[in-house]
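Everything below concerns the one structure shown next.
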There are 2 protein chains.
Amino acid sequence: MAAANGPSPGRLASVYSEVQTSRLHHALRLPSVLCSQFSLVDGLPSSATGNPDEIAKLFPNLFGQPSATLVLPKEAVEGKALKVGVVLSGGQAPGGHNVICGIFDVLQEHAKGSTMYGFKGGRAGVMKCKYVELNTDFVYPYRNQGGFDMICSGRDKIETVHQSSIFQLWLKYCPCGVIQFKQAEDTTNELELDGLVVIGGDDSNTNACLIAEYFRGKNLKTRVIGCPKTIDGDLKCHEVPTSFGFDTTCKIYSEMIGNVMTDARSSGKYYHFCALQTHPNIVLIGEEVAAKKQTLKNVTDYITDIVCKRAELGYNYGVILIPEGLIDFIPEVQKLIAELNEILAHDIVDKAGVWKNKLEQESKKLFEFLPPSIQEQLLLERDPHGNVQVAKIETEKMLTAMVETELERRKAEGKYKGGFIGQSHFFGLWCWGSSLVWEDGVGNLAAPVSEWTAGGTALTSLMDVERRHGKFKPVIKKAMVELEGAPFKKFASLRDEWAINNRYISPGPIQFIGSGADAVTHTLLLELGVQA
Amino acid sequence: MAAANGPSPGRLASVYSEVQTSRLHHALRLPSVLCSQFSLVDGLPSSATGNPDEIAKLFPNLFGQPSATLVLPKEAVEGKALKVGVVLSGGQAPGGHNVICGIFDVLQEHAKGSTMYGFKGGRAGVMKCKYVELNTDFVYPYRNQGGFDMICSGRDKIETVHQSSIFQLWLKYCPCGVIQFKQAEDTTNELELDGLVVIGGDDSNTNACLIAEYFRGKNLKTRVIGCPKTIDGDLKCHEVPTSFGFDTTCKIYSEMIGNVMTDARSSGKYYHFCALQTHPNIVLIGEEVAAKKQTLKNVTDYITDIVCKRAELGYNYGVILIPEGLIDFIPEVQKLIAELNEILAHDIVDKAGVWKNKLEQESKKLFEFLPPSIQEQLLLERDPHGNVQVAKIETEKMLTAMVETELERRKAEGKYKGGFIGQSHFFGLWCWGSSLVWEDGVGNLAAPVSEWTAGGTALTSLMDVERRHGKFKPVIKKAMVELEGAPFKKFASLRDEWAINNRYISPGPIQFIGSGADAVTHTLLLELGVQA
């Protein structure tokens, strides 16, 4: 049934399932250009996502570097032996293990004699020079396996003081005050690193860019490479059409929602309110709610109207998808929260509710429109600074209660005759330990794998600045749902049809072999312009 | 990407995913005996699960019927054309559609000219003679697809008055008072049914047995067949080693828990308390807690001890599985609930807590041992009869809070130095719309599919009686975890090892092709004695 595999200390105690074992021995297909020696061809000089002048000032050594594409060289050349360190940074994402295995394989095959180090426990491992030398035996049990535990991850940042004005400036916006660029320098010197690969999200890549600038400024030989990782889909640009991790997220959410839809249709009497801990591109889109300045009442009415129309067709069931932070996008809610924070900081909340008179008219009305359980949550759950914790509000439960109330009102008026039973679900981040789909930094993703392109771009090209405490801070901007993008437009053109009819589609569990195993997500196909 | 399929009205509006489409065209492997004509061979006369004398009295026409096995006949015989009705009864389970398709195929191939009716909306369809004639086109889009919506299900019972004392007796224990056996008789007469197949759980099969007795008593030609369905695993006997639906449940829970384990190992800092809406055979077993008369404090200490031991090894994370109804199995909790119901019915719950003095000493201590949120839930959430709703208590959250409190106590005493962050999950029943694994009523399940046996047994052989209101009521007893069974014993021999070390195994998503696609659950292999 199950076989013990591999001699890795980390996974030594594990017994693998059949699927895990079969994945372990699965030979991944690679883009042709990665199957043999390759050389680099420079593209045009890069700029920045926004405020290029500020970025140029902040990154004088890095700014303007060209993007690069991997190509097959005219004649075979053996790469020289390299010393490369790799670090897993930030939250886990399926695919992290294969990024490490991929670098390992390329070094083994095309740069013989190379050495690879895995820094342990995230960026702290770089600072403290805690590492493990990666070899065939160590890497083996993690091939094509989910998780993020081969060398463990961590959330510490590498940030430091430097005598230059730029580093002084950076220090000012680093509230953590950790002074450790020097430690990273010591580590790369000690190990004589040719390269340091930081596998992480927007924050980690911003940090990688700072280290790269620091290293370049000190003329160190260590090149810093950021490998984009996200399960939220918020890290992308022309060269990075999607990040590893996000594809799996989409597929697993789709499976779960497909199952909920099948359930809804089979039982025929429940409305499922599903909150997703990501930014789904479906049904309620926070970015759209914000752009249209919708109120909570607008959102409630939108749902209630659909429930009523469906009831007339005899459908007293449905599935409603809600992004986790939806209410953050509603301007009137933001205003209420700000007023509540002010009041709660200075006044006593009396049982009789006199305190409510301190709210502005509009906010008071909104507060009273909220279900009692949400009112209570707003008043009771506070962060250490005494602020209301919007993130703790269970949006799906709140909307269920609000739609229920609105339906009761309409029922009393004789405008609605259906039955409504709300079921709320929260699809959290615990759900994708297991799978791995593809490598990253690649393009032409709609084509067969062999034709995928590979390359990279300057980290500074992803950068913009944010103004904080009166200074510019360099950041990689999170990608949001683009209301002008093809996926949203496609969705907007179909949603009325989906709302009323039951156009349910169930992707089923992720398949590793056979039909569906190579499925590219619809959103990506739409973004790439391959599907209309 | 996706193709529209099939002309079924029910699924006409659906677009199928690649996996759904590929399943649609997948030819299921069948036991050899089902691939051609078969005949029936009778076994020994059957008895009952318990109280055979009472069952014999309650089912004078059915009791003692032999079990039957399908065999290949010496010479090919064409079956005569039949009229068969089928009904989906009770909660949905993946596999229901294929049971209908399987019956359809057998009739098409081996009883040419047969007619098949699907009663709509569960047993109500039988009573009201609401049906659809099933044909190739209608059935086609549901092949190998999850859901329970082809002819819809329902939870109405067919129960009726009859002049005989037995039926008078039955009526007394049927609180719903629905008087509809006669309607079912009218329907089967109108359609001239040779057979009525009830696809359902323990309750539906009990009901099928009552109908069968009634039909036999009236000398109707309609044979009643119960097809066992359950996602809880609580319907089994020698002839029914497992029911369809349960296999998928096990596999999907296993996938989810495998993912949580991968998550736990990768982040290294969370304890996941997962409540399962089924009876898992792992970690906390309600039946064992009941058999050992454990207290809530015992259960809390058991978990806390393991958390402490793991902390000493440097593991501040873990995964703890809890059956949904765990606290129902704890005798002291049952006592507290009974006392609370009594007090809440007659007294006022004063804020100062004077009411608590009405609790017996032991119950008062237990109540005060509970986290405040659970105390509140016990007092506030009541059913329409004013009773405390134990089912609404979130066991996983309660245990998280209790373990947290106990750890704080030990920390204060210097006996525990680790870190503990509890994460609670609830794995509900919404999660398995999508998949279908195998047919039922079959045996020899550990062998290749072609060697599976097929057959059936008398419904009365699954029966026992329960005493209600001083009378015997026939019931199919729910199967519980057997503390003397091979699966529990295996688990008990391994759990200390699992508690301390990280023997995580991740089954991954259900695969339809390749390695793992034909996996038989370990529990079933242990039950069948095939695996030690």
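The values are calculated or read from the model by the stated rules, or taken from the named source; none is laboratory data. The model shown is predicted, which means the values in this text are computed figures rather than measured ones. Every residue, glycine among them, receives a Cβ derived from its backbone with ideal geometry; neighbour counts consider all protein chains shown.
The numbered conditions (1) more than 10 Å from chain A (Cβ to nearest Cβ); (2) surrounded by 17 or more Cβ atoms within 10 Å (Cβ to Cβ); (3) in a loop (DSSP other than H, G, I, E, B) are all true for B:Lys478 except (2).
Scanning region A:151-197 for residues that are over 16 Å from A:Lys128 (Cβ atoms) and modelled with pLDDT of 55 or more, we see that the one that is nearest to the chain's Cα centre (by Cα) is A:Val197. Every condition in (1) over 30 Å from A:Phe472 (Cα atoms); (2) of a type in the set (Ser, Thr, Tyr); (3) in contact with a strand residue (DSSP E or B) (Cβ under 8 Å, 6 or more places away or on another chain) holds for A:Ser17 except the one numbered (3).
Is region A:270-282 home to any residue that is aliphatic (A, V, I, L, M) and closer than 22 Å to A:Glu497 by Cβ? Outline the logic, then answer.
Restricting attention to region A:270-282, the residues satisfying the condition of being aliphatic (A, V, I, L, M) are A:275-276, A:282.
After this cut, where a residue has to be closer than 22 Å to A:Glu497 by Cβ as well, the list is A:276, A:282.
Checked against the condition, which is being aliphatic (A, V, I, L, M) and closer than 22 Å to A:Glu497 by Cβ, region A:270-282 yields at least one hit.
Residues in region B:235-258 that are under 20 Å from B:Glu396 (Cβ atoms) and more than 11 Å from chain A (Cβ to nearest Cβ): B:Thr249, B:Cys250, B:Tyr253.
Can you tell which of A:Glu255, A:Glu287, A:Glu324 is modelled with pLDDT under 80, closer than 30 Å to A:Gln92 by Cβ and among the acidic types (Asp, Glu)?
Working: A:Glu255 fails: modelled with pLDDT under 80; A:Glu287 fails: modelled with pLDDT under 80.
Exactly one residue qualifies, and that residue is A:Glu324.
Of all residues in region B:14-65, exactly one satisfies the criterion of being over 22 Å from B:Val224 (Cβ atoms), acidic (Asp, Glu) and surrounded by 16 or more Cβ atoms within 10 Å (Cβ to Cβ), namely B:Glu18.
Listed here are the residues, each with its yes/no results for (1) modelled with pLDDT of 80 or more; (2) part of a loop (DSSP other than H, G, I, E, B); (3) surrounded by fewer than 20 Cβ atoms within 10 Å (Cβ to Cβ); (4) within 19 Å of the chain's Cα centre (by Cα).
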site: A:Thr460; (1), (2), (3), (4): yes, no, no, no
site: A:Asp464; (1), (2), (3), (4): yes, no, yes, yes
site: A:Arg467; (1), (2), (3), (4): no, no, yes, no
site: A:Glu484; (1), (2), (3), (4): yes, yes, yes, no
site: A:Lys490; (1), (2), (3), (4): yes, no, yes, no
site: A:Asp496; (1), (2), (3), (4): yes, no, yes, no
site: A:Ala517; (1), (2), (3), (4): no, yes, yes, no
site: A:Val520; (1), (2), (3), (4): no, yes, yes, yes
site: A:Ala532; (1), (2), (3), (4): no, yes, yes, no
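Kindly provide the set of residues from region B:439-453 that are crowded, with 20+ Cβ neighbours inside 10 Å and modelled with pLDDT under 80, ordered by number.
Residues of region B:439-453 crowded, with 20+ Cβ neighbours inside 10 Å: B:439-442, B:445, B:452.
Residues satisfying the conditions are B:Glu439, B:Asp440, B:Gly441, B:Val442, B:Leu445.
Could we say that A:Ala56 is at pLDDT 85 or above and either hydroxyl-bearing (Ser, Thr, Tyr) or closer than 30 Å to A:Lys477 by Cα (or both) here? Here the answer is yes, as A:Ala56 does meet what is asked. B:Phe63 meets all of the listed conditions (1) out of contact with any strand residue (DSSP E or B) (no Cβ under 7 Å at 6 or more places or on another chain); (2) within 14 Å of another protein chain (Cβ to nearest Cβ) but one, namely (2). Taking first residues from region A:502-517 that are more than 7 Å from every other protein chain (Cβ to nearest Cβ) and partners that are assigned to a loop (DSSP other than H, G, I, E, B), the Cβ contacts under 6 Å between residues at least 6 apart in sequence or on separate chains come to A:Ala517/A:Gln511.
Taken over region A:313-353, the residue count meeting the criterion of being touching a residue at least 40 places away in the same chain (Cβ under 8 Å) and of a type in the set (Asp, Glu) is 2. Taking region A:308-411 and the helices (runs of 4 or more DSSP H) fully enclosed by it, no element has 1 or more residues that are in contact with a His (Cβ under 7 Å, 6 or more places away or on another chain).
Using the structure shown, decide if A:Glu133 is farther than 27 Å from A:Phe246 by Cα and modelled with pLDDT under 90.
no
When you check A:Met261 against the structure, is it within 20 Å of A:Ile320 (Cα to Cα), under 19 Å from the mean Cα position of the chain (by Cα), within 14 Å of another protein chain (Cβ to nearest Cβ) and hydrophobic (A, V, I, L, M, F, W, C), yes or no? Criteria not met by A:Met261.
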